[in-house]
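A.B. asks: The structure under discussion is supplied below as structure tokens; questions concerning it will follow.
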Amino acid sequence: MKRKLLSAALVAGMVMTGCGANAAPEATTAASKAETTAETAAATEAATEKTEETTEESKAEESESESGAGLTDGTYDITVDGRNGKMTVTTEIKDGKIADVKVGDNTETPEVAAAALEQIPKDIVAAGRPVVDGVTGATITSDAIIEAVKQAVIAAGGNPDDMAGEIKEKSTEVKELKADVVVVGAGAAGVSAALTAQQTGAEVILLEKAATPGGVSIIAGGPMGIDSKDQKEAGVAGTFTTADVLKYWQDYNCWMDDGQLFYNIANRSGETIDWLEDNGMEFTFMGIEQAAHADGFQTYHIYKDQENKLGYYTKLVDKFKADGGQVFFETPATELKAENDKITGVVAVSKDGTTYEISCDAVVLGTGGFGANADMIEEEVGFPLETFTTGTQTGDGATMSRAIGAGKGKTIQQYHGVTSYSGIQTGQGKDEIAKAIYMPTSVWVNRRAARFCPEDLNYDTALCSNAAATQGEYYFSIISEDMVKALEEGGAKALDVDTAVAYEPTIPMFSIDEGWTEFRAALEEGVQKGIVFKGDSVKELAENMGVDAETLEKTLADYNASCEKGVDPVYGKASKYMKSLGEGTLYAVKARPVSLGGIGGVLVNSNLQVIKDDGTVIKGLYAAGNDVAEMYNNSYPLVEGVSMMNALTGGRICGENASLYALNN
């Protein structure tokens, strides 16, 4: 059965599995639910008897009257499931109408959900009904708000599906536009490409499917760079070269990639970071984030303000517009136009239905890959997968380029981290259950009840996710009752764990010194939901997990014996993490691999020109960022910040080349 992916995050955003806005109201409304009074019923009946000859003004008044018929005035607080957890929405009914909608407590990812949190309440009040279009790129948050208001209407004695109100007709207008370069997608690759193309002299139009810029880059940490100004100030620049990093890269990838493409992008990565800072984006040189990479190349630059990622992209887009660039949000490109393998234009359709036919000489594709396309992911991977996505990355670049003759590019999943089935956005630090997975003292077993890696592999979020993905859709992380007690009282340090796993900069996956006071309740809630399994014996645990009891008993017995010796004879797990599970109650958290997204699908050469299967260049067509996977083997790389480098620097290269091509065409 196909499963929908979460939109985010991932939360980001990821459309991702888990959170739906379908919970029953959890808060008591301020106004008591009441039956429709006789007076209201009479007024409603009288209103319906108006003749068809009523004036247009009278019709509008009648519509307003009907929209409020039967609603009891008051303030209704409704709690539903949002993208990352519970969300409380307050709806005010006044004079039988929706007078105000406010979103209160919530755990949504600000960079992804901001537009929906602001716009959907306004749209509902303006429409007079909780039936409005969601904000593209924040679908789950939009749906949650709409659902809460619907439940408020029901609590007020009405039927939201029968409410009259403003219904906007879709436009049928076709507008013709012209530009030198059209950039499709306003994520890291697209914004970088658009601003570069403009600064190289081209007239540029930027199209974006979502309501805001940034794409999945607003839930990333930052890019890799070589020889940036920040590295020079830190004394790191010059200690390694692009060729050094390339050798390391190729050794890791077993040469199953386009090494020249990697070199072309990496060699300009530091220059790109300097350029971005000159244009208003700020970075802090971190060097290395993950403990497992301590001996690696110090390349990582993170956004200086991790709470302002969206703001950085908005600032770049504002600069682009101020210098004459045109931007169309919630206006996805639907078709590329080409003649004789040469780009001639783009077709896009806005949220209001307006069709834009744009003639141009060059196009840059930066649509973000296919992380939000559940069907494509399951076809490529073989099982449903949680991905980092804002819901708009549906493989548009690949689909449109192939329609004009381009080849099919390599596709990969960038496995990056593991998580529970709570549905909470990975890496946001809010998933209590996932803490059990990231504790290196836990024991990981697959569906065959066998260990498959050292659990301290989770200090490298790429490698642990790769290991998990080879087990299929899910595996289990087992933790004992004694461990739970220790964590409750003293945090991770109580189990001799003094280093937290880092998933994103500034966001550790678990606390070290503070007790995990909410952990047990989360586990027990997980048991009730069927995403955590509990047993007073190994046999009972195995039965609840659905795995072979005899195999699990041997696996855990062997592991406990190894703990007594302080040595993991198979995988070499660090001895300080070898903690016996004992003989008491056990918990098994159902865990799964996470992907930064479905990467690739657009076939390019080493210069990021889109090509046909025979290598023929489609003139004027370029692609960058997550639309391209040719420089990878099959997984997330060990060099930190590579994906963002691929987007920001690749976008800049594409924008520069597209502009020069268009101006000289």
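A.B. asks: Once the whole set of protein chains is in place, how much accessible area is left on residue 323, using a 1.4 Å probe, in Å² to the nearest 10?
C.D. replies: Here the residue's solvent-accessible area equals roughly 90 Å².
A.B. asks: Assuming R0 = 51 Å, what is the FRET efficiency of residue 583 and residue 251, from their Cβ-Cβ distance, to the nearest 0.05?
C.D. replies: On the way: r = 45 Å, r/R0 = 0.88.
So the FRET efficiency works out to roughly 0.70.
A.B. asks: Moving on. Once you place label points 7 Å from the Cα toward the Cβ at residue 660 and residue 294, how far apart are they in nm?
C.D. replies: 4.4 nm
A.B. asks: Related question: Using only the alpha carbons of the range 257-343, what is the convex hull's orientation-averaged projected area in square nanometres? Mind showing how you got there, number by number?
C.D. replies: Details: hull surface 38.8 nm².
Across all orientations, the range 257-343 yields a mean hull projection of 9.7 nm².
A.B. asks: Going by the alpha-carbon gyration tensor, a ≥ b ≥ c the square roots of its eigenvalues, is the range 299-380 rounded (a/c under 1.5) or, if a/c is not under 1.5, prolate (a/b greater than b/c) versus oblate? Show your work: numbers first, answer last.
C.D. replies: On the way: a/c = 1.82, a/b = 1.25, b/c = 1.45.
Oblate.
A.B. asks: Using just the helices of the chain, give the 222 nm mean residue ellipticity in deg cm²/dmol: DSSP H runs with n ≥ 4 each add -39,500 (n - 2.57), and the total is spread over all residues, rounded to 500.
C.D. replies: Details: 19 runs with 220 residues, N = 665.
Helices in the chain give a 222 nm mean residue ellipticity of -10000 deg cm²/dmol.
A.B. asks: Taking only the Cα atoms of the range 125-177, how large is their convex hull per residue, in Å³? Intermediate results must be reported in sequence, preceding the final value.
C.D. replies: Numbers: hull volume 5.2 nm³, N = 53.
Each residue corresponds to 98 Å³ of Cα convex hull volume.
A.B. asks: Right, next: Need the list of lysines near residue 304 for cross-linking: C-alpha distance under 28 angstrom, and skip anything on the same chain fewer than eight residues off.
C.D. replies: 209, 229, 232, 315, 319, 321, 430, 435
A.B. asks: For the full complex of protein chains and a 1.4 angstrom probe, list 195, 596 by accessible area with the highest value first. Display every interim value, and only then the final one.
C.D. replies: Working: 195 0, 596 40 Å².
Output order, biggest surface exposure first: 596, 195.
A.B. asks: If I take R0 = 25 Å and measure r between the Cβ atoms of residue 176 and residue 319 in this structure, what FRET efficiency does the formula 1/(1 + (r/R0)^6) give, to the nearest 0.05? Intermediate results must be reported in sequence, preceding the final value.
C.D. replies: Numbers: r = 27 Å, r/R0 = 1.08.
It comes to 0.40.
A.B. asks: Based on the Cα coordinates of the range 464-507, what is the per residue volume of their convex hull in Å³?
C.D. replies: Working: hull volume 4.9 nm³, N = 44.
Spelled out: Cα convex hull of the range 464-507, divided by residues, is 111 Å³.
A.B. asks: At 0.36 nm per residue, and after removing the present C-alpha to C-alpha distance, how many nm does the segment from residue 244 to residue 606 gain when stretched out fully?
C.D. replies: Working: separation 362, 0.36 × 362 = 130.32 nm, distance 1.90 nm.
My answer for the length gained is 128.4 nm.
A.B. asks: Rg and Dmax in Å for the chain, alpha carbons only: what are they?
C.D. replies: Cα radius of gyration and Dmax of the chain are 27.0, 91 Å respectively.
A.B. asks: Same structure again: Please give the charge dipole size of the chain, origin at the Cα centre, charges +1 on K and R Cβ atoms and -1 on D and E Cβ atoms. Round to the nearest 20 debye. Don't skip to the end; give the middle numbers.
C.D. replies: Numbers: 55 positive and 101 negative charges, 357 e Å.
In total the dipole reaches around 1720 debye.
A.B. asks: Using Cα-only point scatterers and the Debye equation, what is log10 of I(q)/I(0) for the range 577-637 at each q in 0.24, 0.27 Å⁻¹, rounded to two decimals?
C.D. replies: Each listed q maps to, in turn, -1.01, -1.14.
A.B. asks: Among the lysines, which fall within straight-line cross-link reach of residue 94, defined as a Cα-Cα distance under 20 Å, with same-chain neighbours fewer than 8 residues apart omitted?
C.D. replies: Partners within reach: 33, 102, 122, 150.
A.B. asks: Just to make sure I understand: if all protein chains stay in place, what is the order of 435, 232, 351 by accessible area at 1.4 Å, largest first? Display every interim value, and only then the final one.
C.D. replies: Values: 435 30, 232 125, 351 65 Å².
Ranked list, largest accessible area first: 232, 351, 435.
A.B. asks: Using the charge dipole of the chain (Lys, Arg: +1 at Cβ; Asp, Glu: -1 at Cβ; taken about the Cα centre), state which of 191, 272, 617 has its Cα farthest towards the positive end.
C.D. replies: In the chain, that residue is 617.
A.B. asks: May I pose another question? Could you order 652, 83 so the one with the most accessible surface comes first? Probe is 1.4 Å. Write down the numbers at each step before the final one.
C.D. replies: Numbers: 652 30, 83 5 Å².
Result, largest first: 652, 83.
A.B. asks: Find how much the distance from residue 271 to residue 95 grows on full extension, using 0.36 nm per residue of separation minus their present alpha carbon separation; answer in nm with one decimal. Before the final figure, lay out each step's value.
C.D. replies: On the way: separation 176, 0.36 × 176 = 63.36 nm, distance 6.04 nm.
Roughly 57.3 nm would be gained on extension.
A.B. asks: Turning to a different aspect of this structure: Just the accessible area per residue of the range 592-647, please: how many Å² with a 1.4 Å probe? Working shown, then result.
C.D. replies: Values: 1190 Å² over 56 residues.
With the other protein chains kept in place, the range 592-647 gives 21 Å² per residue.
A.B. asks: Now, a different point. Okay, which of the range 250-288 sit inside 19 Å, backbone N to the point 7 Å along the Cα-Cβ direction of residue 512?
C.D. replies: Inside the label zone: 286-288.
A.B. asks: Nearest 0.05, what FRET efficiency do residue 488 and residue 102 give at R0 = 45 Å with Cβ-Cβ as r?
C.D. replies: Values: r = 36 Å, r/R0 = 0.80.
Using R0 = 45 Å, I get an efficiency of 0.80.
A.B. asks: Please report the spacing between the Cα centers of the range 431-502 and the range 512-578 in Å, no decimals.
C.D. replies: 9 Å
A.B. asks: Assign one of three labels to the range 319-462, namely rounded, prolate or oblate, based on the Cα gyration tensor with a ≥ b ≥ c the square roots of its eigenvalues; rounded applies when a/c is under 1.5, prolate when it is not and a/b is larger than b/c, and oblate otherwise.
C.D. replies: Values: a/c = 3.11, a/b = 2.16, b/c = 1.43.
In terms of gyration-tensor shape, prolate.
The values are calculated or read from the model by the stated rules, or taken from the named source; none is laboratory data. All values derive from a computational prediction rather than experimental measurement. Don't worry about glycine lacking a Cβ; one is built from the backbone with ideal geometry, like all the others, and counts go over all protein chains shown. The area values use the complete protein model at the heavy-atom level, side chains included, leaving out ligands, DNA and RNA. Shrake-Rupley method; radii C 1.70, N 1.55, O 1.52, S 1.80 Å.
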